[in-house]
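Worksheet: one structure, shown below.
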Amino acid sequence: MDAADVVTSVLLLGIIIVSLLSNVVVLICFLYNPEIRKQVPALFILNLTFCNLLLTVSNMPLTLVGLISTGNPGNGGLCQTVGFLDTFLTTNSMLSMAALSVDRWVAVVFPLSYHSRIRHRDAVLALGYTWIHSLCFSTVATYRSWIGYHHLYASCTLCNVRAKGAGTQFLVFTVILHSLSFLLTLVVMCVTYLKVLKVARFHCKRIDVITMQTLVLLVDIHPSVRQKCLDEQKRRRQRATKKISTFIGTFVVCFTPYVITRMIELFFPGPISPRWGVMSKCLAYSKAASDPFVYSLLRHQYRKTCNLLANKVLRRSPVPSSFLRTELNQGSSGKNLNSTNNIQTTNKQLSQ
């Protein structure tokens, strides 16, 4: 192994460790906190966490072994199973992100009717579709023996070498797979989150107008007060823009290089650097490590649950489970009391 391979191996090992720990923490929070389990988006996050964890313990270690040994790390049956999981889990996780973006769009655009529009039954049906969609593509690839060890990515995945006899069929299959997973998810996320951002900015302006009108009626506004209101409006817009950019940006940065490499492989046959192939695969894997922070651990409820669990484990102060549930219920009741109008409900849903 040269220096570049060593760096890539260390990077992949770091991704495995971060992905495993962060996704396990999300799963623990889901199991321990009843308020999180009651939320509809938690079902999509749970499915995304499940996919990330399974990808972390099955595909990533085999890729690491293949990178170190510079060869197929498993027999035919093991490689077929891992390749099946690679296609299934990656497609399933992408569709889960699309479902989460649709859920956020409904929550922000229709805050008062959200609970009647998105119910647990609807979430289960959506997840059922993501599983059927993913299973169809991974089953077809396995049945046609299009899965094997791909030296370009040092992993068991769709392999054009094994599908040389298929020709056009494999090309069409791969294009449809990425169109109905990566491209579909990207379009859905862009449309829904940009609409969410538009609504959030509108309500920021509306809140500031109401605040200024109230101040005008009560007191003579000092220029510094007006400037503080404008600065707060700017900060709220920046926070909303930052969240939307994180959702879309991490998806694009992590998956685009891998998908583009796949398309180049199909339409422009030629030598592609294995280092670039492995790096694009590592970027795709890194999405499993970033998802817990993007969708879960930076949210208030998850942070609060993590802090309470950490205090309990470290015995900083005895925190019985009854106290935890009381605190969480009080937080939930406070949020409900503060969500008595359309504007405040919209801001709460966006923060989730």
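Each value in this text was obtained by applying a stated rule to the coordinates, not by laboratory testing. No experiment lies behind these values; they were computed from the predicted model shown. When we count neighbours, we look across all protein chains shown, and the Cβ atoms used for this are built from the backbone with ideal geometry, even at glycine.
Data overview
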quantity: Relative contact order %, the stretch 21-133, counting alpha carbon pairs below 8 Å whose residues are six or more apart; calculated: 32 percent
quantity: Mean Cα-pair separation over length for the stretch 99-167, i.e. relative contact order, pairs under 8 Å, 6 or more apart, %; calculated: 17 percent
quantity: Contour excess over end-to-end distance, with Cα ends at K198 and L11 and 0.36 nm allotted per residue; calculated: 63.6 nm
quantity: Amide H contacts of H150 (H built 1.01 Å from N, under 5 Å, at least 5 apart or other chain); calculated: S155, C156, T157
quantity: V191-S113 pseudo-label distance in nm [points 7 Å out on the Cα-to-Cβ vector]; calculated: 1.9 nm
quantity: FRET E, pair T168, V313, Förster distance 56 Å, beta-carbon r, rounded to 0.05; calculated: 0.50
quantity: Charge dipole (debye, nearest 20) of the stretch 1-152; +1 at Cβ of Lys and Arg, -1 at Cβ of Asp and Glu; calculated: 600 debye
quantity: Cut-off 17 Å, label 7 Å out along Cα→Cβ of I28, residues of the stretch 274-312 by amide N; calculated: 292-293, 296-299, 301-312
